[in-house]
């Protein structure tokens, strides 16, 4: 039995091959699989040596980040860049350009051309702001865009998920769940109200509830687990889609 075949029987190798259907960094592989980064490093080295993984890289904030993809998956999608992009967008509705670039492993020029082609042929829908773009497949209702985008922000996700299970919650209850400063929670609630995702009920105690439970539940089920595990815990990012 060749070294390549022996490796494929290794439990960690099987897990990594399954996870790397799209390009992933070592940190992402470790987070999704639960395998310690040191072990991932060792397996990646062996898998790359035995041509089980395709290595690529990109620059993020001046630092080069390497990504790894299942070689069979890479070869099968090599001639179908457009289909690969569509699959990523389907897996991660509301993905932004930098994330799409990372997961597709494509350089700016190639990715921009692919996006232009897909949009021209109505195969994707794009939500644009002054700062970012987000990508969806046409079957996602535009009325649901803000819900998907909001669920990618940690504070928003915690609040929306909490209200899904605890309607008519007070500010204090929401703040305790969000584990954020009162000012952050207050501004996030205001933004979610403006987006029409939650409503504020007047009374002896002011409470909050979702405006559409089914919409939030659908989006939560659609979002991939690793997508939510990478949520950014920065207040400025919470409102980056404005």
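Please count how many residues of region 109-124 are surrounded by fewer than 13 Cβ atoms within 10 Å (Cβ to Cβ) and not in a helix (DSSP H, G or I).
2
Given 94, 196, 203, 105, which one is touching a helix residue (DSSP H, G or I) at 6+ places or on another chain (Cβ under 6 Å) and on the phi > 0 side of the Ramachandran plot?
Residue meeting the stated conditions: 94.
Any residue at all in region 85-102 that's over 14 Å from the mean Cα position of the chain (by Cα), over 25 Å from residue 65 (Cβ atoms) and surrounded by fewer than 20 Cβ atoms within 10 Å (Cβ to Cβ)?
Looking through region 85-102, none of the residues is over 14 Å from the mean Cα position of the chain (by Cα), over 25 Å from residue 65 (Cβ atoms) and surrounded by fewer than 20 Cβ atoms within 10 Å (Cβ to Cβ).
Find all pairs meeting these conditions: Cβ atoms under 8 angstrom apart; at least six residues apart or on different chains; first residue within region 159-186 and on the phi > 0 side of the Ramachandran plot and assigned by TED's automatic domain parsing to the domain that holds residue 217; second residue at pLDDT below 95 and assigned to a helix (DSSP H, G or I).
Here the result reads 179/158, each pair linking region 159-186 to a residue that is at pLDDT below 95 and assigned to a helix (DSSP H, G or I).
Please note which helices (runs of 4 or more DSSP H) are completely contained in region 153-242 and include at least 1 residues that are modelled with pLDDT of 85 or more.
Once the helices (runs of 4 or more DSSP H) in region 153-242 are filtered for at least 1 residues that are modelled with pLDDT of 85 or more, what remains is 154-165, 171-178, 182-194, 213-222.
If I filter region 196-224 down to residues being over 27 Å from the mean Cα position of the chain (by Cα) and free of Cβ contacts under 8 Å to residues at least 12 places away in the same chain, which single residue comes out as nearest to residue 87 (Cα to Cα)?
200
The values are calculated or read from the model by the stated rules, or taken from the named source; none is laboratory data. A quick note: this is a predicted structure, and the numbers were derived from the prediction, not measured. Using ideal geometry, Cβ is built from the backbone for each residue, glycine included, and neighbour counts are taken over all protein chains shown.
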